[in-house]
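The values are calculated or read from the model by the stated rules, or taken from the named source; none is laboratory data. As the structure is a prediction and not an experimental result, all values here were calculated from the model. We place every Cβ from the backbone using ideal geometry, glycine too, and count neighbours over all the protein chains shown. We work out accessible area using only protein heavy atoms, side chains counted, and drop any ligands, DNA or RNA first. Shrake-Rupley method; radii C 1.70, N 1.55, O 1.52, S 1.80 Å.
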Amino acid sequence: MNTLLITGTDTDAGKTVVTAALAAYWQKYYPQRTLGIMKPIQSGVGDRELYQSLFNLEQSLEAITPLYFQAPLAPPIAAAKENRQVDLAIAWRTLLSLQKQRDFLLVESLGGLGSPVTNELTVADLAGEWRLKTILVVPVRLGAIASAVANVALARQTKINLRGIILNCTQPRTEEEIADLTPPDLIRSLTNIPVLGCVPYLENPRDLEKLAEVAAALDWEIYCRE
């Protein structure tokens with residue numbers, strides 16, 4: 001289980017919360033084993049700064065995010081504004097280096113599976129080419145079932161090694177609302193992908209103990225080990 005990619009159905013699915021929860025779990029329960037976090041491409045300030053402040057990674061911002069653009073836009077658009085190109089070779093080299101250095105590497109994708117990485121490639125294309133074990137984050141909201149089905153179909157089309165789905169509450173939800181909006185059995189039946197659990201809404205997403213507790217309640221290790 002050296003590398004795990006966290007992707008989502010959309011830009012606000014909750015990938016960062018899930019990534020942080022898994023990282024908090026790893027550092028709590030496997031303190032003698034090294035952890036790395038990577039977000040290959042980031043547009044605008046946010047996730048890489050959060051990861052560096054929350055976790056003892058001994059990684060520079062550049063080692064977390066090798067491709068950074070200032071404008072919070074899709075990478076090909078943000079890159080064009082800076083008269084640059086999205087050089088995925090840089091991200092690939094960083095990934096290979098971190099895989100050799102760390103016992104476990106969490107990779108958070110930008111946006112959703114259909115988000116553009118370059119003018120020719122989407123996140124789904126990249127995930128398929130990199131051949132990483134992948135978790136799909138699905139936000140608990142109206143339309144989530146259809147979104148999950150469509151994204152799993154895209155994952156299969158691009159030959160992503162999709163290991164499971166994690167539901168995520170981006171706002172407070174009751175158990176009844178979760179069951180109505182994202183019924184795990186129905187999603188599992190329609191996608192043939194295991195639902196690994198649901199992340200509740202977190203008022204303080206920087207609480208490492210709570211994040212580790214949330215990750216401990218998920219079945220992610222069962223499905224993501226070799």
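Summary of computed values
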| quantity | calculated |
| --- | --- |
| Within straight-line cross-link reach of LYS210, lysines at Cα separation under 18 Å, skipping those fewer than 8 residues along the same chain | LYS15, LYS28 |
| With 10 Å bins from 0: P(r) over region 96-226, alpha-carbon pairs, percent | 11, 39, 37, 12, 1 |
| Alpha carbon convex hull of region 33-117, volume per residue in cubic angstrom | 87 |
| Of the trypsin sites (Lys or Arg not before Pro) in region 194-226, those whose Cβ has at most 11 other Cβ within 10 Å and which sit in DSSP loop | ARG225 |
| Cα Rg, Dmax, region 2-225, angstrom units | 16.5, 49 |
| Most mobile listed residue (ASN161, ASN151, ASN56) in the chain, GNM with C-alpha springs under 10 Å | ASN56 |
| Surface accessible to a 1.4 Å probe, SER189 within the full protein complex, Å² | 90 |
| Efficiency of FRET between LYS159 and LYS210 - r from beta-carbon atoms, R0 25 angstrom, step 0.05 | 0.10 |
